[in-house]
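Take a look at the structure below.
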Amino acid sequence: NYKAVIFDLDGVICHTDHYHYLAWKEVADELGIYFDESINHRLRGVSRKESFDIILERYDKIMGEEDKEIYLTKKNEGYQKLLKGMTPSDLSEETKNTLLELRKRGMKLAIGSSSKNAGLIIKQLGLEHFFDAVSDGNMITHSKPHPEVFQKAASMVNCEAENCLVVEDAKAGLEAAKAGGMDCAAVGDAVKSPLADYKLSSFRQLLEIVE
Ligand code: BG6
Ligand code: MG
């Protein structure tokens with residue numbers, strides 16, 4: 001019996017992965033590092049810093065921590081510029097209506113995102129009043145696949161792990177949900193993972209799981 005649904009944000013509620021790609025691409029190009037969509041795919045659910053370490057696997061030099069900070073800031077500035085161009089029309093009607101219907105059914109709704117930009121994204125999409133709790137990258141010390149961000153979300157809505165359903169598009173996120181003792185519904189490419197308890201081909205299918 002689910003009492004709360006915890007949503008990953010990037011790749012589930014909104015499609016910011018291309019913005020991540022563009023912002024990282026600019027940094028990678030500046031450093032002369034090869035970067036493409038398939039490497040970008042490996043960054044799903046992974047923190048900003050860990051994402052950069054994955055990109056740096058193709059860098060033939062060693063980068064010091066101070067320089068890393070400079071490029072992390074650069075990436076985030078480019079990314080935020082793109083985020084600021086988002087508007088409520090970037091939220092799909094299906095997503096919006098499904099969230100509203102889940103609320104009507106008495107579900108607690110929470111965000112569990114690795115992103116430190118979650119607040120900004122939620123604001124751009126006009127979703128400030130849709131969620132009972134937002135647990136994000138600013139509040140955690142371990143990022144996915146560690147379950148911390150989902151455990152925080154669960155405790156913010158006063159819900160036991162066994163009564164939470166997590167919705168995820170990334171392998172790291174499915175692993176985090178399972179590590180926290182939560183069921184998970186996969187969207188997008190994550191449906192290929194054996195960790196998924198449910199495989200969604202559309203967002204509104206959530207309404208069949210949470211009755
Ligand atoms: C996750 C994304 O939601 O947030 C990752 O899937 C991203 O790709 C991570 O690296 C951190 O995001 P931000 O906004 O803090 O740089
Ligand atoms: Mg995601």
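The values are calculated or read from the model by the stated rules, or taken from the named source; none is laboratory data. Model, not experiment: these values are computed from the prediction. No Cβ is skipped: glycine too gets one built from the backbone with ideal geometry, and neighbour counts run over all protein chains shown. Note: accessible area is taken over every heavy atom of the protein model, side chains too, but ligands, DNA and RNA are not part of it. Shrake-Rupley method; radii C 1.70, N 1.55, O 1.52, S 1.80 Å.
A compact table of results
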{"item": "Entries of LYS68/LYS116; LYS108/LYS144; LYS25/LYS61; LYS49/LYS74; LYS104/LYS171; LYS81/LYS152 with Cα pairs more than 20 Å apart", "result": "LYS108/LYS144; LYS104/LYS171; LYS81/LYS152"}
{"item": "Size of the chain as Cα extents on the principal axes (Å, biggest first)", "result": "53, 34, 29"}
{"item": "Over the stretch 166-211 - Rg/Rh using Cα atoms and the Kirkwood inverse-distance radius", "result": "0.94"}
{"item": "Sulfur and carbon atoms: percent of accessible area, the stretch 81-211 [1.4 Å]", "result": "48 percent"}
{"item": "Peptide ranges 120-127, 188-195 listed from the most packed, as the mean C-beta count within 10 angstrom indicates", "result": "120-127, 188-195"}
{"item": "With DNA, RNA and ligands ignored, accessible area of HIS18 (1.4 Å probe; Å², nearest 10)", "result": "90 Å²"}
{"item": "Shape category assigned to the stretch 6-98 from the gyration tensor of Cα positions, a/c cut at 1.5", "result": "prolate"}
{"item": "Cα gyration tensor shape for the stretch 117-163, rounded if a/c is under 1.5, else prolate or oblate", "result": "oblate"}
{"item": "Hydrodynamic radius (Kirkwood) for the stretch 42-140, which is based on Cα pairs only, to one decimal in Å", "result": "15.6 Å"}
{"item": "For ILE111, distant residues with modelled amide H under 5 Å away", "result": "PHE7, ALA133, VAL134, SER135"}
{"item": "All-pairs Cα distance distribution in the stretch 83-179, expressed in whole percent, bin size 10 Å", "result": "16, 46, 35, 3"}
{"item": "The stretch 119-136 - phi-based ³J(HN,Hα) in whole Hz, Karplus 6.51/-1.76/1.60, Gly and Pro as x", "result": "x, 5, 4, 4, 5, 4, 7, x, 9, 3, 9, 8, 10, 7, 7, 10, 10, 9"}
{"item": "Solvent-accessible surface (1.4 angstrom probe) belonging to ASP36, in square angstrom, nearest 10", "result": "40 Å²"}
{"item": "Compactness relative to 2.2 N^0.38 Å, alpha carbon Rg of the stretch 124-211", "result": "1.07"}
{"item": "Per residue solvent-accessible surface (Å²) - the chain, probe of 1.4 Å", "result": "49 Å²"}
